[in-house]
Structure formats: C-alpha cells, structure tokens
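Colleague: Once you've had a glance at the structure underneath, I'll fire off some questions.
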Amino acid sequence: MAGENASVNTVTFLGTAGARFMVSKQLSASGGIWLSLGGTELLLDPGPGSIVQATKRKLNPERLSAIILSHRHLDHSSDVNIMVEAMAGGGRNPHGRLFAPADALGEEPVIYSYLRGYLEGIEILRPGGSYAVGGVSFTTPVRHDHGVETYGMVFRAGGHSFSYIADTRYFEGLASLYASELVIINVVLLETRDTVDHLSIPQVEQLVKEVKPKAAILTHFGMTVWRARPWEIAAGMAQRTGVRVIAARDGMKFDLAQLDGRPEDG
C-alpha cells in the first residue's frame with residue numbers, strides 16, 4: 001500500500017479552529033492535520049471531529065502509522081481515542097504508534113487503557129527529541145511556553161523540511177528553532193495579549209520575517225482572527241514580508257511540490 005503514495009507529500013488541514021470558542025461553536029472544523037509523506041500517513045493533533053473530517057476527506061485511518069499530539073488540550077487531543085481505534089481497524093489490526101508529551105499520559109491520560117494494546121508503542125515527546133516513522137523524521141526542538149507541556153515539530157520528508165509551531169507564548173529564539181521551507185503556525189489572537197499563552201498576528205508576522213520560509217500557512221484561528229478574515233490577514237502579511245502566506249481553510253491540501261515551484265494543489 002505504501003508504494004501507491006510513494007511520491008505524494010501533502011499536508012491536509014482537517015480543521016482550522018483554535019481555542020475554546022471557535023471549537024465549541026464549530027465556526028470552522030477542529031480535526032487536526034493529516035500528513036501524507038512518501039507513503040507514510042501521520043495524524044497531528046486530532047481535535048473534536050477528527051474522525052468525521054477524515055472520513056469526509058476520504059482519508060483512511062487504517063493507513064495511519066502514527067498519531068502525534070503537541071499537547072493534551074481538548075482542541076488538540078479529544079479524538080485521539082477514536083482515531084487510535086480506527087487506526088487499528090477497531091482492534092482487528094493493532095499497529096501504529098502514539099507520540100505525546102509525558103503529561104498527556106500521566107494522572108489524567110488522554111488515551112484509554114484498553115486502547116494502548118492496539119498500539120505498537122507510545123513514545124514520549126521531550127525537548128530536543130528526535131523521532132522517526134517510516135521515511136519521516138521529526139524533532140521537537142523545545143518545550144513551548146503554554147499552560148501544559150507542549151511541543152512544536154520540525155519534519156523532514158520527501159527532500160523537504162517543514163515545521164509546525166504549536167500553541168505557545170512568544171519567546172526569543174522561537175523563529176530560529178523552526179527554520180524550514182514551510183512553516184505552519186497556530187495563531188489564536190488578533191492582537192497581542194500578555195495574559196494569554198498564544199501567538200498573535202503581529203508576533204506571527206515577526207516570525208515569518210525572521211524565518212523567511214518559502215511559504216507560511218496560518219491556522220488554528222481564534223475568534224478575533226476569524227472575525228478579521230484570516231485570508232485578508234494572510235494577503236496583507238504576504239505583501240509586507242515578501243513571503244507567500246496562506247490562511248488555511250478546512251479541507252485544504254498543500255502539496256510540498258509547491259516548494260519546488262511546481263503547480264499548486266488544494
């Protein structure tokens with residue numbers, strides 16, 4: 001089966017909602033991000049509705065090799081149990097791994113005990129960690145400044161590098177940790193709020209200027225960003241930074257071939 005998709009390297013957004021109000025109202029979906037990388041299928045941050053969105057997009061959970069959680073908050077992990085069960089074919093074909101921070105598996109674990117037997121293994125994410133699944137490798141450069149243990153990732157696959165900056169408060173050095181061809185950034189706030197552990201549009205624009213990727217994709221929108229029309233925000237940011245900036249939309253598929261200047265997809 002892997003050979004069928006050996007040349008496919010895509011990132012599909014199963015949802016773009018960030019934080020509690022966008023998710024609870026489902027003004028946009030909250031299913032996470034599906035990675036198809038050279039025949040290896042990965043699911044990142046399966047929030048509420050992940051199984052619904054995956055099925056809607058004709059993505060088969062039984063093809064997954066791993067599920068990765070950046071952190072334990074509900075909008076990133078609430079569908080991890082059903083997605084593990086679906087990955088294992090309802091328990092008929094146990095396989096795949098779960099990657100998660102230690103506190104997602106501690107006193108209040110995000111995954112039911114009976115489902116652990118459906119997995120090949122569970123790996124704990126740590127600062128400076130390096131991991132591999134199939135032909136995909138990724139690192140977790142640093143623990144983020146967020147309410148719970150949280151990690152972003154830098155992926156390498158198909159001759160490309162791309163990074164995922166998960167929920168965090170801005171801190172010095174953040175941009176250098178996620179230098180890559182494509183940067184996917186969670187942005188909840190329209191304006192910076194020092195009391196909230198999330199990135200704002202001005203902070204994200206600064207990150208894009210510093211990283212200077214070939215492309216940047218904004219996602220995980222909070223209510224204030226959503227009301228300000230993320231696609232218009234992205235267009236303005238692109239003009240000011242000289243970087244191609246895209247506002248993700250539910251179901252959007254980004255082909256990493258675009259980083260080579262080849263035709264767009266999605």
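Colleague: Tell me, which helices (runs of 4 or more DSSP H) lie completely within region 140-232 with 1 or more residues that are within 26 Å of residue 27 (Cα to Cα), touching a Phe, Trp or Tyr at 6+ places or on another chain (Cβ under 8 Å) and among the hydroxyl-bearing types (Ser, Thr, Tyr)? Quick ask: steps written out before the conclusion?
Modeller: On the way: elements: 174-177, 201-211, 223-227.
So the answer is none; nothing clears 1.
Colleague: I'd like the full set of residues that are on the phi > 0 side of the Ramachandran plot and in contact (Cβ under 8 Å) with a residue 24 or more places away in the chain, limited to region 153-167.
Modeller: Residue satisfying the conditions is 158 alone.
Colleague: Looking only at region 166-177, decide whether some residue is within 15 Å of the chain's Cα centre (by Cα) and either charged (D, E, K, R) or closer than 23 Å to residue 132 by Cα (or both).
Modeller: For region 166-177, residues within 15 Å of the chain's Cα centre (by Cα) and either charged (D, E, K, R) or closer than 23 Å to residue 132 by Cα (or both): present.
Colleague: Given the conditions (1) part of a helix (DSSP H, G or I); (2) in contact (Cβ under 8 Å) with a residue 12 or more places away in the chain; (3) more than 16 Å from the chain's Cα centre (by Cα), report the number of the one that residue 27 does not fulfil.
Modeller: Failing condition for residue 27: (1).
Colleague: Quick check: anything in region 201-221 surrounded by fewer than 17 Cβ atoms within 10 Å (Cβ to Cβ), at pLDDT below 95 and over 26 Å from residue 250 (Cβ atoms)?
Modeller: No, the conditions are met nowhere in region 201-221.
Colleague: Give all pairs with beta carbons closer than 9 Å in which a residue from region 58-73 that is closer than 26 Å to residue 24 by Cα meets a residue that is acidic (Asp, Glu) and assigned to a strand (DSSP E or B); count only pairs at least 6 apart in sequence or on separate chains.
Modeller: 59/41; 60/41; 61/41
Colleague: State the number of residues belonging to region 30-49 that are on the phi > 0 side of the Ramachandran plot and either more than 13 Å from the chain's Cα centre (by Cα) or of a type in the set (Phe, Trp, Tyr) (or both).
Modeller: Going through region 30-49 one residue at a time, the tally reaches 3.
Colleague: So how many residues does region 179-199 have that are of a type in the set (Ser, Thr, Tyr) and free of Cβ contacts under 8 Å to residues at least 24 places away in the same chain?
Modeller: Residues meeting the conditions: 2.
Colleague: Moving on. Which condition number does residue 161 fail, the rest of (1) closer than 27 Å to residue 218 by Cα; (2) at pLDDT 95 or above; (3) surrounded by fewer than 17 Cβ atoms within 10 Å (Cβ to Cβ) being met?
Modeller: (3)
Colleague: Of a type in the set (A, V, I, L, M), over 20 Å from residue 33 (Cβ atoms) and either out of contact with any Leu (no Cβ under 9 Å at 6 or more places or on another chain) or buried (at least 17 other Cβ atoms within 10 Å of the Cβ) (or both), is that true of residue 166?
Modeller: no
Colleague: Of all residues being polar (S, T, N, Q) and surrounded by fewer than 22 Cβ atoms within 10 Å (Cβ to Cβ) in region 28-58, which is nearest to residue 230 (Cα to Cα)? Just the residue, please.
Modeller: First, the residues of region 28-58 that are polar (S, T, N, Q): 28, 30, 36, 40, 50, 53, 55.
From what is left, the residues that are surrounded by fewer than 22 Cβ atoms within 10 Å (Cβ to Cβ) are 28, 36, 55.
Numbers: 28: 12, 36: 25, 55: 26 Å.
Ranking the candidates gives 28 first.
The values are calculated or read from the model by the stated rules, or taken from the named source; none is laboratory data. Since the structure is predicted, the reported quantities are computational estimates derived from the model, not experimental observations. Using ideal geometry, Cβ is built from the backbone for each residue, glycine included, and neighbour counts are taken over all protein chains shown.
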